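Readers should treat all values here as calculations from the given coordinates under stated rules, not as data from a laboratory. For clarity, every value in this text was computed on a predicted model and none was experimentally measured. Note: ideal-geometry Cβ built from the backbone for every residue, glycine included; neighbour counts use all protein chains shown.
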Amino acid sequence: MDIDMRFRPGAVYQANVKSAVSGGSPVYMYLFDWQSPVLDGKYKSVHCMEIAFTFNTIQRTRNMTGGTDR
């Protein structure tokens, strides 16, 4: 809910503005909401956590990911 109220509206607004630029590039958005099991889920889905999944380095970042995608 925090993300939906504080961050998403501004991000969607910026994406809409940028995608409306004549001759501009496409705009892509994503939402990464996987929750880390580390420390009983304390971290939830923190900023930049998706990078380990994008580059398949989950094991190298096990202090944040728990070393698994489940």
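List of remarks:
- Loop-resident trypsin sites (Lys or Arg not before Pro) (DSSP state other than H, G, I, E or B) in region 30-63 with no more than 14 further Cβ atoms inside 10 Å of their Cβ: Lys42, Lys44.
- Selection of chymotrypsin sites (Phe, Trp or Tyr not before Pro), the chain, meeting DSSP coil and at most 16 other Cβ within 10 Å: Tyr28, Tyr30, Phe32, Trp34, Tyr43, Phe55
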